[in-house]
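To start, the structure under review is shown below, and the notes come after it.
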Amino acid sequence: MKIIRLLLMLTLTGLLYYGLDNKFDPMPPLGSFFNPFGGFWQNAEAKNPTATEQLKINGLQGEVQVAFDERLVPHIFAQNEQDLYFVQGYITAKNRLWQMEFISYAAAGRLSEILGAGENDQYIQYDLHQRRIGMVYAAEQALKGLLENEKTKKILDAYVKGVNAYIEQLQPKDYPIEYKILDYAPEKWTELKTALLFKYMAYDLSIVNEDVAMSNILAKYGKKTVDELFPNYPKRHDPIVPRETKWDFKPNQIPKIPKQISALLGKEVNSKESKDNPKGIGSNNWAISGEKSDSGYPILANDPHLSLSLPSIWFEIQLVTPDMNVYGVSLPGAPCVVIGFNNEVAWGVTNVESDVLDWYKLKFKEGAALQEYWHDNQWKKTTTRLETIKTKEGKTIVDTMYFTHHGPIVVKPGEKPFDVARSPQPAGYAMRWVAHDVSNELMTFYLLNKAKNYKDYRKALTFYVCPAQNFAFADVNNDIAITPNGKFPLKWKEQGKFLLDGSNPQHDWQGWIPNEHNPHTKNPARGFISSANQFSADTLYPYYLHWHFASYERGMRINDVLATMQKATYKTFIALQNDNLNLRARDFLPKMLSYINAENLKGTYKSAYSEMKKWDFYSDADKISPTIFKLWWANFTNATWEDDFKNTEDEAMIYPDPDLLGELALVNDSLPAKWFDDNNTIQKEDLRQILNKTFQAAVDTLQKKHGTWGDKWKWGSARRTNIRHLARIPGFSVEGLMTNGDNVCVNATTSTHGPSWRMVVALGRNPKGYGIYPGGQSGNPGSFFYANMIEMWRKGELAELLFMKKPTDDSEQIISRITFSKGS
């Protein structure tokens, strides 16, 4: 109890500090908040929950037994699917109610209802943006797909009823502490809220695009420069599907490229590219065949890299019925397991990063007030939708949305772009986004949960639409496979790389790539499969998916290690997940150092140079070189490109990719000198001058920030990793963690992003799973289980997963049990 009291004192201190230093608008009722019988004191939780508990719940058909292990992972045993998903909903809500509802509010554009309008109406602007990009519409379309399928309809119905069964028995004193701080109450859970959670994931993983920036670059520099600096396929790359793969299908006819590939003829005035989009951060998954493992069975690993937050993105769970036993992580607010394994198969996902969002420039009929637009030589009617935003202060805003056959008009002509947008959104354009289409991703996860072989895996993927994922797979039959999978529009080459003409039907999406034509490989000769968000396939693949994928470093490092791997065990895979080799430094730093005028260096400059000369290129927390290289590379990049591709409020721009800069400037010496010359100075700069100048600037910056040469310069101390509370409530975050890795390492941990769930599954007669995520099972900051796994995660350790066979399994890891039975 001492720990609980300490947590509560820290929470109270944080709240008082926040109250003194910030304005709650409006403040919560302080009397009820500090009430010892109903306020935040009621949110303290003991480390050891009740050993056994009996609950009678209306809505169940039979008895459901739940065992909780020492990390508070629920192992749910039910005799039928309805009861299984009912109890999954109940248990998830018991642990993560505030989180799942808060994210549904954020997805739907309803934050103003609980946070107020905010400073300068920031939350109203956020909500309006979410409505304008069609998040609610997208969820409604997804819900159609969920309810049209009898299986997912029943699953969703049971899950929703389970969530509501938990909500209905809550008293205000039992509300999660965030409700008390923000002074509101939980709503009834709905099927639409679950659909919103799926679409919020689609938003997070597929909304970013560079159409405006690339159109500006095309208009300013021409196609030749675009092809040289922003190529459709990089030289330094190792695709997901092995090179030279011969495809076993006859491709559909590819649309012809129109004469004009961009709707933009001059500079596009628009908001600049967002700094909130992490470049080069992504996810990893891989599997090896039994020939490479010590057991003779496949091993699979997955670590999706996402924004780190508390409560955690994932909720760990085991779901068991007479014909299914699956373990993994679920999305709080949605049924089934998203990433995991069962007795026969294991699977994991990474983001494909395909181009499934395009912008169409519209011509509106004069005097028609956006009610008609020109397309295919005729005026077509827009449709409208009224969106009502209500604020906590009682203000109501009604907005009219306009839809074309492409999709919604996000920014109306003459409007200022949204500051919260993660990518530039041009005014007077329509947005075509595959997430607006009818879909049923839940069916994919349901079928994967029950899958027994490769055939079941392939069937499951046919239901999946967005966000496109690289589905890695392994089974006890010694099959391994990977499929970059989703609903991909059939495009002409480079369609969507630039802004499109909304009046020209040739610029419309021309259909879909058949699901069976999606890139895939099964049991490749090399004995392994992998993905790290890189290109799905080489140039022999007949369809166009995108021009821009993740940089080469993680994917190449993983493949290099897997290629030589023999007699591997789960420990081998954990070591690779924690691999900190920085390929960018390994490949480019020696050449950068060769340009430095080392004989003239003194003091800290000389120390920095000497330190990097002996660096082994591993981004370990106790090393100084990663700190220097990271900043030096950023300075070098800016000095090369900023005067030519400066990203401003008036003109969105992006830089060429880092691997292209390294390849052309440092490996081939083929980057034209004009790009090194600073247009803002009289003198002519060259590569040597830029590298010396930016090196010294990096050292100067680090001295100013961290003081004299010493421990504060070390990577772990200088970088730090923060896992912040979703609502940024002080005292509820874990900050300042000293971590290894970087965005270009397999261990792609940064200051705000990183492995959100590390999993390794060694298949066999009795599969063994290992996993960890940066957080805890409870969403309650007053619980021991709120952040108890963070230190293991920080150190790169994985917990052995308790894969139970029956509810009566006797294990020292079980700390409590609940038996659910139907109410009277």
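The values are calculated or read from the model by the stated rules, or taken from the named source; none is laboratory data. Values in this document were obtained by computation on a predicted structure and should not be read as measured data. Every residue, glycine as well, gets a Cβ built from its backbone with ideal geometry; the counts of neighbours run over all protein chains shown. Note: areas computed on protein heavy atoms with side chains; ligands, DNA, RNA excluded. Shrake-Rupley method; radii C 1.70, N 1.55, O 1.52, S 1.80 Å.
Within the set Ala550, Ala585, Ala563, the sole residue that is free of Cβ contacts under 8 Å to residues at least 40 places away in the same chain and either more than 21 Å from the chain's Cα centre (by Cα) or open to solvent by less than 30 Å² (accessible area, probe 1.4 Å) (or both) turns out to be Ala563. Of all residues in segment 500-514, none are open to solvent by 30 Å² or more (accessible area, probe 1.4 Å), under 30 Å from Glu291 (Cβ atoms) and over 22 Å from the mean Cα position of the chain (by Cα). Each residue in segment 371-389 was checked for being closer than 26 Å to Gln122 by Cβ and surrounded by 14 or more Cβ atoms within 10 Å (Cβ to Cβ), and 3 of them qualify.
Among residues that are at pLDDT below 95 and open to solvent by less than 10 Å² (accessible area, probe 1.4 Å), Gly282 is included.
Quick grid of which residues meet (1) of a type outside the set (Ser, Thr, Tyr); (2) within 27 Å of Thr648 (Cβ to Cβ); (3) part of a strand (DSSP E or B):
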position: Phe341; (1), (2), (3): yes, no, yes
position: Ala368; (1), (2), (3): yes, no, no
position: His405; (1), (2), (3): yes, no, no
position: Pro417; (1), (2), (3): yes, yes, no
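Of the candidates Lys452, Lys487, Lys493, the single residue that is part of a loop (DSSP other than H, G, I, E, B), over 18 Å from the mean Cα position of the chain (by Cα), in contact (Cβ under 8 Å) with a residue 40 or more places away in the chain and closer than 18 Å to Leu205 by Cα is Lys487. The condition of being surrounded by fewer than 21 Cβ atoms within 10 Å (Cβ to Cβ), part of a helix (DSSP H, G or I) and in contact (Cβ under 8 Å) with a residue 24 or more places away in the chain holds for only one of Glu113, Glu101, that being Glu113. In segment 136-155 there is at least one residue matching the filter, namely being open to solvent by 10 Å² or more (accessible area, probe 1.4 Å) and either over 25 Å from Tyr85 (Cβ atoms) or under 21 Å from the mean Cα position of the chain (by Cα) (or both). Pick from segment 313-333 the residues that are part of a strand (DSSP E or B) and in contact with a Ser or Thr (Cβ under 6 Å, 6 or more places away or on another chain): which of them is farthest from Ile723 (Cα to Cα)? Step by step, filter segment 313-333, then rank; the result is Ile317. Within segment 699-736, the set of residues being open to solvent by 50 Å² or more (accessible area, probe 1.4 Å) and outside any helix (DSSP H, G or I) comprises Thr708, Trp709, Lys714, Arg720, Arg724, Arg728, Gly731, Glu735. In this structure, does Pro774 turn out to be part of a loop (DSSP other than H, G, I, E, B), farther than 22 Å from Val337 by Cα and under 25 Å from the mean Cα position of the chain (by Cα)? So Pro774 does not fit the description; no. Note on segment 737-757: residues that are open to solvent by 30 Å² or more (accessible area, probe 1.4 Å) and either polar (S, T, N, Q) or at positive phi (or both) total 3. Contact annotation: residue pairs with Cβ atoms under 9 Å, 6 or more positions apart or on different chains, pairing a residue in segment 227-244 that is within 20 Å of Trp641 (Cβ to Cβ) and free of Cβ contacts under 8 Å to residues at least 24 places away in the same chain with a partner that is of a type outside the set (A, V, I, L, M, F, W, C) and part of a loop (DSSP other than H, G, I, E, B), are Glu228/Pro656; Glu228/Pro672.
Check whether at least one residue in segment 412-429 is at pLDDT 95 or above, within 23 Å of the chain's Cα centre (by Cα) and buried (at least 23 other Cβ atoms within 10 Å of the Cβ), and report yes or no. No, the conditions are met nowhere in segment 412-429.
Here is the figure for segment 524-539: residues that are in a loop (DSSP other than H, G, I, E, B) and among the hydroxyl-bearing types (Ser, Thr, Tyr) total 2.
When you scan segment 169-234 for helices (runs of 4 or more DSSP H) that lie fully inside it, which ones turn up with 2 or more residues that are under 20 Å from Pro335 (Cβ atoms) and either more than 25 Å from the chain's Cα centre (by Cα) or of a type in the set (A, V, I, L, M) (or both)? Full working, then the answer.
Values: elements: 177-182, 191-206, 211-221, 223-229.
Counting at least 2 such residues, we get 191-206.
Residues in segment 807-824 that are among the small types (Gly, Ala, Ser) and within 14 Å of Asp83 (Cα to Cα): 2 in all. For segment 737-762, filtered to residues that are assigned to a strand (DSSP E or B) and not hydrophobic (A, V, I, L, M, F, W, C), the residue that is nearest to Asn722 (Cα to Cα) is His753. Of the listed requirements (1) in contact with a strand residue (DSSP E or B) (Cβ under 8 Å, 6 or more places away or on another chain); (2) modelled with pLDDT under 95; (3) at positive phi, Gly407 misses just one: (2).
Would it be correct to say that Thr350 is within 24 Å of Phe488 (Cα to Cα), modelled with pLDDT of 95 or more, open to solvent by less than 10 Å² (accessible area, probe 1.4 Å) and among the polar types (S, T, N, Q)? Yes; evaluated as a whole, the condition is true for this residue.
Remark: pairs (first residue in segment 249-262, open to solvent by 60 Å² or more (accessible area, probe 1.4 Å); second residue of a type in the set (Asp, Glu); Cβ separation under 8 Å; 6+ apart in sequence or on different chains) = Ile257/Glu494; Gln260/Asp501.
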